[in-house]
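Worksheet: the structure to be examined is printed underneath.
Please treat every number below as a calculation from the coordinates, not as lab data. Quantities reported herein were computed from a predicted structural model and do not represent experimental measurements. Please note: Cβ atoms are built from the backbone with ideal geometry, for glycine as well, and neighbour counts cover all protein chains shown.
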Amino acid sequence: MVVRIEAYQLAYVPLPKAACSSVKKALALLDPVVSLPPRETRDVHTWHRLYPTRRFRARQMARLEGYFRFCVVRDPLARLLSVWTNRVQEFGDLRNAWSLQSGRVALPMEPDPDFFFSHLTAYAQAVSGIKHHVLPAPVFLGPDLGAYSRVYRTEEMAILGEDLSQRCNQAVSLPRANSSGTRLRAEDLKPATLDALRVRLDAEYGFLSSYYDNPFDVRSHGACVTPSARLS
């Protein structure tokens with residue numbers, strides 16, 4: 001789904017686990033036609049119900065002539081690791097999955113990170129919430145990032161806030177709306193797990209090569225460096 005704010009000619013295409021909760025919240029507060037529930041009842045689900053994240057549709061982008069079209073991207077490895085901390089640990093997507101509770105799929109509901117990522121394809125097939133969050137960026141953003149007026153990295157949220165403030169002539173803040181309380185690092189995973197992730201993420205690093213360096217390109221003896229953004 002393209003989030004369109006007609007009043008300011010803004011068009012945002014969300015990518016799961018790439019600050020989309022924060023951006024949706026900011027846009028909902030900007031949009032004069034949106035009716036929000038009372039402040040005390042709002043949570044992260046409020047923004048996703050209002051602006052669902054759906055797969056890219058070329059025909060939607062074709063209708064955005066004259067709009068400021070933007071998206072936010074995240075380092076592919078960091079984005080994938082956040083699925084563990086946020087969706088598995090905090091939201092309990094595996095514990096709450098009927099396919100696992102019923103035993104229809106023979107996968108543990110409480111795996112460790114290495115088991116989870118080593119069997120990620122199977123978990124994604126069994127649990128729709130996991131599948132949604134681990135799909136590659138082009139599925140949501142489309143095949144050509146050149147179609148956007150601006151692509152922001154998650155490290156550039158302050159810049160996005162400044163740009164939106166200027167375009168809307170009002171202060172726009174982008175605090176984290178769905179931040180995980182814990183972090184999983186590449187160094188916490190076994191070499192064999194990292195090998196599986198390297199294969200899975202190779203194409204996505206190619207897609208985002210203008211924005212992020214591929215940490216697997218400089219690996220040695222099974223160790224993976226910390227993901228990093230390209231310097232502007």
Item to complete: Let me have the relative contact order for the chain, percent, based on Cα pairs under 8 Å that are six or more residues apart.
Response: 25 percent
Fill in: Residues of type aspartates and glutamates that Lys24 reaches as a straight line, Cα spacing below 14 Å, ignoring anything fewer than 8 places off in the same chain
Asp43
Worksheet item: When N counts the residues of segment 24-159, how does its alpha-carbon radius of gyration compare numerically with 2.2 N^0.38 Å, as a ratio?
Response: 1.23
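Please compute the Kirkwood hydrodynamic radius of the chain from all pairs of different C-alpha atoms, in Å with one decimal.
18.8 Å
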Item to complete: Please give the net charge around Leu36, taking every other residue with its beta carbon less than 14 angstrom from that of Leu36, where Lys and Arg add +1 and Asp and Glu add -1.
Response: +2
Item to complete: Please give every one of the lysines within straight-line cross-link reach of Lys17, meaning a C-alpha to C-alpha distance under 18 Å, and leave out same-chain neighbours fewer than 8 residues apart.
Response: Lys25, Lys131
Worksheet item: Say we join alpha carbon atoms closer than 10 Å with springs in a Gaussian network model of the chain; which of Pro191, Pro136, Pro32 then has the biggest fluctuation?
Response: Pro32
Worksheet item: Using Cα atoms only, what is the angle between the long axis of helix 20-30 and the major principal axis of the chain, expressed in degrees (0 to 90) to the nearest 10?
Response: 20 degrees
